[in-house]
Amino acid sequence: MTTDGRTALVFPGQGSQKHGMGETWRETASWSLVAEISEYTGTDLQELLLTADDETLRRTDLAQIAVFTTEVIAYHEAKEAKLFTEVTACAGHSLGEYTALYAAGAVTLADAARLVAARGRAMRETAEGAPGTMAAVVRMDAPTAGELAERVRGEGRDVWLANINAPGAVVVSGTPEGVEALAELAPEAGGKVIRIPVGGAFHSPLMAPAADQLESALKAVEFSAEHTPVVANVDARPYTTGDVWPALELRQLTSPVRWEESVRTLAGELGCTRFVELGPGRQLCGMIRRIAKEAETVPVDGQAALEAATAAAAATD
């Protein structure tokens, strides 16, 4: 089967989780990875993927390892189905960057799983100690949202850009008071703020304590000397050597996710014409269609989607 133009594998982040998201993969050969990752992390992932309710899955540490596990299964099943053969590059949104590193050969599954578990714990504990929140800003570009955030900070309340996802799709992060102040200013610039039900001010300087906690876990991991290119969230640049990732992942916790720029790097500089999204949901495909309008997007959020994608690929041979 010839399926590749220049293929990018992309992986969603926290927020894509949903009740029963593992059920679609339960009868696959890759389901055995659930027990393996459970052993690495000390978490009962079968329960999380099959029966946990939405409230449980909103807990940061549980959500992250559950989404990661689902993505790993989707990746293995798609690879086995030969939905892709050669991969040009990988990228992941926030948490998804760790799955991208695994798929690119930068880390082993055991190390990736342990890092995700450590990251989730660190972010949860930090959020519990420093209450924060996030909000989507619609009908406003990133520079304008950034100017409003700077204005709010000048008044003594903390809010920053957290995700620059696509044209007109920006997320801010900060204290509840900071986000509320920005919401009051947004209509002046023609924008609107929509609160996101999360437990912390992720991708902002308020996550600095989490970075301190994650550092020791990163020091215990041996990254590969060379690997398939992964485009980093923090600067939208492609990297192919493992030595850079500890510093990049620490920066990622307190810096914006530059997803729009990352997609432009994948489609432009790296020449990717086909984006395969692996994991729960299809949010990244929607963003990519707004950024790289000529690119093919292939969501793989379950067995039915994988079967449809492989059938479509076979039909174009």
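The values are calculated or read from the model by the stated rules, or taken from the named source; none is laboratory data. What you are looking at is a predicted structure, and each value in this text was computed from that prediction instead of being measured. Using ideal geometry, Cβ is built from the backbone for each residue, glycine included, and neighbour counts are taken over all protein chains shown. These accessible areas exclude ligands, DNA and RNA; they are computed on the full protein's heavy atoms, side chains included. Shrake-Rupley method; radii C 1.70, N 1.55, O 1.52, S 1.80 Å.
Annotations for the structure displayed:
- Nonpolar atom fraction for the chain, defined as the carbon and sulfur part of the 1.4 Å probe accessible area, stands at 48 percent.
- Simple rule: put +1 on each Lys or Arg Cβ and -1 on each Asp or Glu Cβ in the chain, find the dipole, and look at Val244, Ala113, Pro176; the Cα lying farthest toward the positive end is Pro176.
- A simple spin-label model places the labels of Glu155 and Glu188 0.7 nm from each other, with each point 7 Å out along Cα-to-Cβ.
- Separation of region 177-239 from region 79-130 is 15 Å, based on Cα centroids.
- Point-charge dipole on Cβ atoms (K/R +1, D/E -1) for region 135-288, about Cα centre, debye to 20: 420 debye
- Lys82 contributes about 110 Å² of solvent-accessible surface, heavy atoms of the protein only, 1.4 Å probe.
- Acute angle (nearest 10 degrees) that the helix 176-185 long axis makes with the longest principal axis of the chain, alpha-carbon atoms: 80 degrees
- For Phe84, the accessible surface of its heavy atoms amounts to roughly 10 Å² (probe 1.4 Å, protein chains only, rounded to the nearest 10).
- Residues Thr241 and Ala208, FRET efficiency given R0 of 25 Å [Cβ-Cβ distance, rounded to 0.05]: 0.45
- Taken about its Cα centre, region 41-169 carries a charge dipole of about 220 debye when Lys and Arg each add +1 at the Cβ and Asp and Glu each add -1 at the Cβ.
- Each Lys and Arg Cβ is given +1 and each Asp and Glu Cβ -1; about its Cα centre, the chain then shows a dipole of about 580 debye.
- Helix 245-254 and the long axis of the chain differ in direction by around 40°, with both axes built from C-alpha atoms.
- Taking packing as the residue-averaged number of other Cβ atoms within 10 angstrom, the listed peptides 280-287, 210-217 run from highest to lowest as 280-287, 210-217.
- Sequence-distant lysines (8 or more away, or on other chains) whose Cα lies within less than 27 Å of Lys79: Lys18, Lys293
- Intensity falloff of region 228-317 expressed as log10 I(q)/I(0), Debye formula with alpha-carbon point scatterers, at q = 0.12, 0.20, 0.21, 0.24 Å⁻¹: -0.44, -1.03, -1.08, -1.21
- Pairwise FRET efficiency - Gln46 versus Ala225, Cβ, R0 = 35 Å, nearest 0.05: 0.50
- Probe 1.4 Å, accessible area per residue of the chain, Å²: 41 Å²
- Angle in degrees between helix 142-154 and the longest Cα principal axis of the chain, rounded to the nearest 10: 40 degrees
- The Rg/Rh ratio of region 158-317, with both radii computed over alpha carbons and Rh defined as the Kirkwood radius, is 1.02.
- Size estimate for region 81-220 follows the Kirkwood approach: the inverse of mean 1/r over distinct Cα pairs works out to 16.5 Å.
- DSSP bridge pairs, the chain: antiparallel proportion in percent, nearest 5: 55 percent
- Over the chain, the alpha carbon radius of gyration divided by the compact-protein estimate 2.2 N^0.38 Å works out to 0.96.
- Restricting the GluC sites (Glu not before Pro) of region 85-189 to loop positions (DSSP other than H, G, I, E, B) with no more than 14 neighbouring Cβ atoms within 10 Å leaves Glu86, Glu155.
- A Förster radius of 41 Å, combined with the Cβ-Cβ distance separating Glu23 from Lys82, puts the computed FRET efficiency at roughly 0.95.
- Charge dipole of the chain about the Cα centre (unit charges at C-beta), most positive-ward option of Ala142, Tyr40, Ser224: Ala142
- Ordering of 132-140, 98-106, 39-47 by packing is 98-106, 132-140, 39-47, highest average first (other Cβ atoms within 10 Å, averaged per residue).
- Relative contact order, percent, region 17-86 [alpha-carbon distance under 8 Å, six or more residues apart]: 41 percent
- Part-to-part distance (alpha-carbon centres) for region 271-311 and region 1-56, which is given in Å: 17 Å
- The mean sequence distance of close C-alpha pairs (under 8 Å, at least 6 residues apart), as a share of the length of the chain, puts its relative contact order at 24 percent.
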